[in-house]
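First comes the structure, then the notes that go with it.
The values are calculated or read from the model by the stated rules, or taken from the named source; none is laboratory data. Bear in mind the structure is a predicted one, so any value in this text is a computation, not a measurement. Using ideal geometry, Cβ is built from the backbone for each residue, glycine included, and neighbour counts are taken over all protein chains shown.
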Amino acid sequence: MTSESIDASPAMRGALVKLERVFGFTSLRPGQPEVVEAILAGEDVLAVMPTGAGKSLCYQLPAVVDGRLTVVVSPLIALMRDQVRQLNARGISAGALHSGNSGADQAAIERALGERGMRLLYVSPERLLKSGMLDRLRASGVERLAIDEAHCVSQWGHDFRPEYMELRAAADALGSPQIIAVTASADPGTRDEIVAKLFRREPRVFVRSFDRPNLYLAFARKENAGQQIKAFIRRHKGESGIVYCASRKGVEQLAEALSADGVWALPYHAGLDGAVRNANQDAFLKNPGVVVVATIAFGMGIDKPDVRYVCHADLPGSIEGYYQEIGRAGRDGARADTLTLWGESDIRLRERQIELGDASASRKAMEKRRLNALLSLCETPRCRRQTLLSAFGEKSNACGFCDICEGRHARFNGVVAAQKAMSALLRTSGRFFPGHLANLLIGKATEAILRHSHDALPTFGAGAEFGAAEWRSIFRQIQAAGLIAQDEDDGGRWHVTEAGRKVLSGAAPLELLVGETPARGRRARGMLSAIAEDSEPVRGNAAASTAAPAVGEAPLSADEANLFAALKAKRLVLAKQRKVPAYVVLTDRSLRDIARQRPRDERELAGIHGIGAAKIEAYGDLILELVATHSGG
């Protein structure tokens with residue numbers, strides 16, 4: 001949408017005025033204007049936008065502009081509390097109905113609803129569906145239903161919530177209000193499922209780029225996971241971060257080990273007492289430098305803008321889960337780092353879980369395909385970001401801001417290895433998974449190999465120079481490189497792509513990564529290393545490998561840094577007095593802008609990002625006094 005079209009819309013002109021006066025923003029972010037205009041026009045909307053792109057503002061701003069009550073369905077109490085605190089701090093009438101409310105809180109919300117003075121009401125799907133709740137809300141004049149984390153409706157998704165399946169019927173009971181569904185992670189199939197299950201009317205669908213260019217992406221095989229994580233966190237001393245573990249036991253052990261290393265590390269998992277979980281989450285939100293070690297039970301809806309890193313101590317659950325989890329870092333737009341550790345034991349565990357599960361054969365096949373896609377991301381020989389974005393159907397160039405682009409992994413000429421792998425795939429009609437093909441190539445006569453007479457194929461034993469683990473790695477790499485793919489319409493059958501046929505015929509070059517393998521694969525690793533030493537080094541894109549994208553502003557000067565530090569100290573005092581996280585008072589970006597621009601009066605202060613009328617009334621005199629104190633010379 002062009003600025004001219006926005007200017008031509010009276011509704012958008014009014015929205016931009018409210019945006020600056022109430023929210024303190026002088027403009028909407030890319031992707032937001034189109035969504036806001038569609039909502040103000042009364043259309044149903046599905047907005048798929050990356051974490052940190054401002055999905056919440058898309059339904060909050062219209063509620064402020066036209067005063068229509070918006071009920072927001074949110075899956076977590078923590079998310080509701082955080083959103084309501086931030087809205088109230090801006091002078092917006094908002095509340096949340098949840099089990100943590102006091103009697104006074106509940107009465108105040110009921111009163112505001114009865115007087116029709118509330119703009120946004122947050123509820124969980126479970127509470128929304130309780131007997132009598134829908135009737136009460138309908139009587140309060142609900143005109144919009146905003147569904148956050150809409151991917152939870154997908155049975156194939158990583159955060160499936162059965163209650164989300166009933167939300168369309170709930171909307172009918174509310175009188176068919178306008179529906180706005182938002183999410184940060186939905187591939188094309190999940191988007192179709194959201195539309196089918198949540199909407200009666202055909203919605204406008206907006207899909208923004210999934211790219212988060214300020215996140216540095218890195219993966220590494222596990223060697224000594226505890227030491228790898230400690231070294232990673234030491235590089236971020238004093239900064240907030242999240243470390244994800246696959247098990248509750250792993251969470252507790254790692255949190256204890258980090259605490260012994262002098263890190264303020266707090267555990268979080270579903271097995272902890274609720275009061276402990278809430279206290280640990282509040283400590284993370286309200287204090288700088290806290291590290292939460294958690295299972296995936298932590299994080300959905302956490303909107304702490306200054307999380308500087310996310311680390312996965314174990315293989316994530318899926319590409320969608322990985323994307324959601326790393327998306328909790330760098331929401332302020334400044335650089336944030338990610339590191340994912342994985343190993344063969346992670347892979348074997350996930351494979352056993354799939355095989356021994358109670359799911360149908362088709363579901364198990366789907367889970368295997370999703371695991372292969374995730375492992376391809378772990379071992380991709382091309383730009384990590386390209387591989388991640390392609391999983392969401394998005395094409396991109398090499399980013400120059402990941403471990404692959406920066407050349408952190410050795411490579412070798414992989415043409416012959418890829419030709420052998422693709423030959424094995426073609427000779428078995430694409431009906432077998434990489435584990436079976438690896439056994440075929442190394443000449444291992446397993447029961448499955450013999451049952452299918454694959455020991456009689458020319459490719460049986462043709463890849464004895466590598467071990468099974470190395471061949472599985474090669475299959476994952478050529479999948480990530482787009483040389484082989486699975487046909488969803490043919491039961492997931494593997495086929496060689498056009499790019500793969502060029503390599504198969506010798507018409508195109510290919511470099512693969514030298515994999516780090518477990519001890520039993522040392523012979524193959526040594527051979528790969530020898531091949532790598534004899535090969536020409538892969539130069540890649542020289543510009544991409546030396547120039548990271550601009551992910552933040554220029555560093556503060558010494559004087560600006562001193563004022564910034566003083567502002568942060570004052571903010572911490574104010575946050576503790578009000579018992580809210582520091583970013584609810586003012587974000588780091590607002591403080592940096594103040595330090596740079598040194599506003600002299602309320603008019604200039606109003607031009608600072610994120611400072612609206614309510615913030616000026618609450619903190620304006622304190623800020624201006626502090627600026628004056630540090631400007632006296």
Conditions (1) farther than 29 Å from VAL22 by Cβ; (2) free of Cβ contacts under 8 Å to residues at least 40 places away in the same chain: number failed by LEU129
(2)
Of the conditions (1) in the same structural domain as HIS312 (by TED's automatic domain parsing); (2) modelled with pLDDT of 95 or more; (3) touching a helix residue (DSSP H, G or I) at 6+ places or on another chain (Cβ under 7 Å), the single one that GLN253 does not satisfy is (3)
Could you pull out every one of the helices (runs of 4 or more DSSP H) wholly within the stretch 1-81 that has 1 or more residues that are closer than 27 Å to GLY175 by Cβ and among the small types (Gly, Ala, Ser)?
10-18, 32-40, 55-66
What number of residues in the stretch 178-218 are out of contact with any helix residue (DSSP H, G or I) (no Cβ under 8 Å at 6 or more places or on another chain) and under 20 Å from SER74 (Cα atoms)?
3
Test for ASP306: is it closer than 20 Å to LYS230 by Cβ, charged (D, E, K, R) and touching a strand residue (DSSP E or B) at 6+ places or on another chain (Cβ under 7 Å):
no
Out of LEU349, LEU339, which single residue is surrounded by fewer than 17 Cβ atoms within 10 Å (Cβ to Cβ) and of a type outside the set (Asp, Glu)?
LEU349
Qualifying positions in the stretch 431-445 - under 22 Å from LYS368 (Cβ atoms) and surrounded by 14 or more Cβ atoms within 10 Å (Cβ to Cβ):
PHE432, PHE433, PRO434, GLY435, HIS436, LEU437, ALA438, ASN439, LEU440, LEU441, ILE442, LYS444
Check the stretch 217-237 and report whether any residue there is β-branched (Val, Ile, Thr) and farther than 30 Å from ALA170 by Cβ.
yes
Cβ pairs under 8 Å, 6+ apart or interchain, first in the stretch 16-37 and on the phi > 0 side of the Ramachandran plot, second surrounded by 15 or more Cβ atoms within 10 Å (Cβ to Cβ) and in a helix (DSSP H, G or I), ordered by first then second residue, are GLY24/SER590; GLY24/LYS615
Among the residues that make up the stretch 608-622, is at least one of them exposed (fewer than 15 other Cβ atoms within 10 Å of the Cβ), assigned to a loop (DSSP other than H, G, I, E, B) and hydrophobic (A, V, I, L, M, F, W, C)?
no
Condition set assigned to a strand (DSSP E or B) and hydrophobic (A, V, I, L, M, F, W, C), scope the stretch 82-127, selection nearest to the chain's Cα centre (by Cα): answer is VAL123
On the given criteria, is GLY414 in contact with a His (Cβ under 7 Å, 6 or more places away or on another chain) and under 24 Å from HIS495 (Cα atoms)?
no
Just checking, how many residues over the stretch 566-580 are crowded, with 22+ Cβ neighbours inside 10 Å and either touching a residue at least 24 places away in the same chain (Cβ under 8 Å) or not in a helix (DSSP H, G or I) (or both)?
1
Quick one: is LEU134 in contact with a strand residue (DSSP E or B) (Cβ under 7 Å, 6 or more places away or on another chain) and in contact (Cβ under 8 Å) with a residue 12 or more places away in the chain?
no
Listed residues ASP332, ASP403; which is at pLDDT 90 or above and acidic (Asp, Glu)?
ASP403
Could you please let me know if GLU149 is charged (D, E, K, R), under 29 Å from the mean Cα position of the chain (by Cα) and not assigned by TED's automatic domain parsing to the domain that holds ILE302?
yes
Please go through the stretch 419-464 and pick out each residue that is among the β-branched types (Val, Ile, Thr) and free of Cβ contacts under 8 Å to residues at least 24 places away in the same chain.
THR446, ILE449
From the list ARG191, ARG201, exactly one residue is in contact (Cβ under 8 Å) with a residue 24 or more places away in the chain, assigned to a loop (DSSP other than H, G, I, E, B) and either at positive phi or in the same structural domain as ILE39 (by TED's automatic domain parsing) (or both). Which is it?
ARG201
Flagged in the stretch 213-231 as assigned to a helix (DSSP H, G or I) and touching a residue at least 12 places away in the same chain (Cβ under 8 Å), in numbering order, are ALA225, GLY226, GLN228, ILE229, LYS230
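Yes or no, residue by residue, for (1) free of Cβ contacts under 8 Å to residues at least 60 places away in the same chain; (2) crowded, with 18+ Cβ neighbours inside 10 Å:
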| position | (1), (2) |
| --- | --- |
| ALA196 | yes, no |
| VAL243 | no, yes |
| ARG248 | yes, no |
| LEU254 | yes, yes |
| ALA257 | yes, no |
| LEU266 | yes, yes |
Of all residues making up the stretch 157-177, the number that are in contact with a helix residue (DSSP H, G or I) (Cβ under 7 Å, 6 or more places away or on another chain) and either at pLDDT 95 or above or surrounded by 17 or more Cβ atoms within 10 Å (Cβ to Cβ) (or both):
11
